[in-house]
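Only the coordinates and a few stated rules stand behind these numbers; no lab work does. The structure displayed is predicted, hence computed values, not measured ones. Counting neighbours? That spans all protein chains shown, and the Cβs are built from the backbone with ideal geometry, glycine included.
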Amino acid sequence: MSTLKRAPQECGSWYWDLYDTAAPGLESALLVAARMCDVLTRLELLAPIELKYSWYVLDIGPTGITSTLELTGPLGDPSVPGRVRGSRPSAYPSADIADIDVIGPGTWIDAAGQPRKEPQLVGLSLSTAPTGLSAELSVHHDIWGWYDFTGRPHPEVYRNNAPRLTAALEEIGSLLGTPPELGEPTYFGVATPAGLATPDAYEDGLGPDLTSRL
């Protein structure tokens, strides 16, 4: 059960264009996802338990069908690509996969230093497009920033969590051989190379109150 408020848009996102460093296609995407998850799992940010992916038909477009596959073993298991393809909708025998979301819980640490599980603490998605492979990491919670969604500073929560996000971005950038491109700013936050930007404080020391759009 979720114990954190989740923003409907990203608080921050980071994008890797892997056109020059990884082959396109399902096998390559799953291999990259597994390597990224090795980092995220070690930092307790994402423990993959299932894959979610949508189907499209070349030159026609999306089928409107999304599949979910429970992971019964490691994400990097050689059987996973076959299991994914085996879930292709029978009405679309030529359908292929557009994007893959890796779903699983992560651990955040509250102000008292207690670890807490949270579904989809960190988002990870990969594009298998034939034009080139890409990966995106995203966060939707306020624990990565200096202020919570109400605008109140929560320095203990920030210090307990933000450094792990910074470490993940640095390690994944090194793993993939390139730093991430920053996602577009949203109402809920602005990405930086090391995490989330801290907005300017008002005269009362508070940050922006974002709760009206939660």
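Brief remarks follow.
- A Förster distance of 45 Å, applied to the separation of the beta-carbon atoms of Arg213 and Glu27, puts the FRET efficiency at 0.70.
- Radius of gyration, Dmax [region 73-187; alpha carbons; angstrom]: 17.8, 53
- Label positions at Tyr19 and Tyr187, each projected 7 Å from the Cα along the C-beta direction, are separated by 3.3 nm.
- Cα centroid separation, region 138-214 to region 23-75: 25 Å.
- Virtual paramagnetic centre 7 Å along Cα→Cβ of Ala111, amide N under 17 Å, in region 147-185: 147-162
- Summed residue charge, Cβ within 14 Å of Pro130's Cβ, Lys/Arg positive, Asp/Glu negative: -4
- Radius of gyration and maximum dimension Dmax of the chain, Cα, Å: 18.2, 61
- Where a label projected 7 Å from the Cα of Thr66 along Cα→Cβ would reach, residues of region 133-160 with amide N under 19 Å: 135-141
- Over all directions, the projected convex hull of the C-alpha atoms in region 119-205 averages 6.8 nm² in area.
- Nearest-ten-degree value, helix 155-176 long axis tilted from longest Cα axis of the chain: 30
- Restricting region 1-44 to chymotrypsin sites (Phe, Trp or Tyr not before Pro) that sit in a DSSP loop and have at most 15 other Cβ atoms within 10 Å of their own Cβ leaves Tyr19.
- Folded to 0 to 90 degrees: helix 26-42 orientation relative to the chain principal axis, Cα: 30
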